[in-house]
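Right, one structure below, let's go through it.
Just so it is clear, none of the values below were taken in a lab; they were calculated from the coordinates. These figures come from a predicted structure and were not determined experimentally. Because the Cβ atoms are built from the backbone with ideal geometry, glycine has one as well, and the counts that use them run over all protein chains shown.
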Amino acid sequence: MRILPAIVAAALCLLATGAEAQLKLCNRTSYVLYAATGHAEGIDAVTQGWTRVVPGTCQTALHERLKAKGYFVYARTSLAHQGAMRNWGGTQKLCVKDADFTLTVPFAAMRCPADDTFDRPFAGVETRGARSWAMTFDDQPSFATLKDAEAAGLKRLLRDTGAKIGAIDPKPDKSADAALAAFRKRLNMKADATPQDLFDALETEALKTSAPQGYAICDDADKPVWVALGENDKGRWRSRGWWKIAAGGCAKAIAEPLAADKIYILVQTPGGIPIATGKAKFCTTNIEFDIQGRENCAKRGLNESGFAETDVKGLAGYTAHVGEQGLLLPKKR
């Protein structure tokens, strides 16, 4: 059975399996995908994520017997990929978070429960009573095999790191082979490095240089951080937070193409110690917030915090990188 999502011209192929009880997700696209799943428990929708699935592989998202009447799935491309984020899904709006999550929200809820949660369009999955189910994310035109998707996926990530790569396909390509060999040499990768090792290294490297549409933050430190943003939204000042970003992880705070000249950022440790701060003042709170205006913070019972400035003028997308000592300068290709 195929489900055509509402967002992009891609497909979800659903295949029953007789393996141990589980929901397995397979990736037959050239993109690194992050997937979330959902299912019904009475009047509630339970969602969880994210499961990382690199091209040409399968990952188990649920390690349990499938007993709900229906399941749901949504996937997005990695922030490492250039251009607009692509999505695989359907029409059922369910709640997610940028960080790893498990949420229980009534289907009838008018909105997601907190400022760091938001809805995404999931595709419904009918498991037909099977205790296990395998799903394959496809692209159009589709690749014939998972191995083909793996070969095309390596090419795509090489191009995302700045290598000159032609067609994103599984065909042998001397220039792509040379670019991959140069990448392995630059990172001192062992000769027996697996495709999984290559995908991990390429995605990490691409995240350092990519600027997909919108505004993303990557935590390059070895501890989690909390992030808040300030911006001029159509003539009105606004501050929002907090996004929790795991060590080595990324979160996309603004999904649409950037229209402002500057975005302001405040980064703190979980204990509230500022890592990235600056002269631009915005109102904040110690809990999740979305505040209109940046004046009279104290009179409104709010904190006033200094935000660092990031220059995004003329850019559709920007990725801010945060290290132990604060904001890191963008790396040039």
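Some points to look at:
- Here the extension length gained between residue 234 and residue 255 equals 6.0 nm, from 0.36 nm per residue of separation less the Cα-Cα distance.
- In this rough spin-label picture, where each label sits 7 Å from Cα along the Cβ direction, the residue 273-residue 41 distance is 3.7 nm.
- With contacts taken as Cα pairs under 8 Å at a separation of at least 6 residues, the chain carries a relative contact order of 17 percent.
- Evaluated at q = 0.10 Å⁻¹: base-10 log I(q)/I(0), Debye formula over Cα of the chain: -0.64
- Computed over segment 168-278: relative contact order in percent, which uses C-alpha pairs under 8 Å that are six or more apart: 23 percent
- Summary value for segment 214-328: 34 percent relative contact order, contacts being C-alpha pairs under 8 angstrom separated by 6+ residues.
- Under the combined filter of DSSP loop state and at most 12 neighbouring Cβ atoms within 10 Å, segment 189-236 retains none of its GluC sites (Glu not before Pro).
- Cβ-defined net charge surrounding residue 308, 14 Å radius [Lys, Arg +1; Asp, Glu -1]: 0
- Among the listed pairs 185/223; 234/262; 24/147; 164/190, those beyond 21 Å (Cα-Cα): 185/223; 164/190
- Computing FRET efficiency as 1/(1 + (r/R0)^6) for residue 107 and residue 146, where r is the C-beta to C-beta distance and R0 is 35 Å, gives about 0.55.
- Springs join every pair of Cα atoms under 10 Å in this Gaussian network model of the chain, and among 253, 191, 35 the largest mean-square fluctuation is at 191.
- Each of 103, 157 was scored by other Cβ atoms within 10 Å of its Cβ. Listed from fewest to most, they are 103, 157.
- Listing 222, 148 from fewest to most neighbouring C-beta atoms within 10 Å gives 222, 148.
- Here the simple spin-label model places points 7 Å from the Cα toward Cβ, and for residue 69 and residue 295 these points are separated by 5.4 nm.
- For segment 220-257 and segment 166-195, distance of Cα centres in Å: 33 Å
- Simple spin-label estimate for residue 313 and residue 262 in nanometres, 7 Å along Cα-Cβ: 1.0 nm
- Karplus-derived HN-Hα couplings along segment 48-57 (A = 6.51, B = -1.76, C = 1.60, θ = phi - 60°), whole Hz, x at Gly and Pro: 8, x, 10, 9, 8, 10, 7, x, x, 10
- Taking one quarter of the surface of the convex hull spanned by the alpha-carbon atoms of segment 288-329 gives a direction-averaged projected area of 4.7 nm².
- Rg/Rh for segment 147-207 (Cα atoms only, Rh after Kirkwood) is 0.91.
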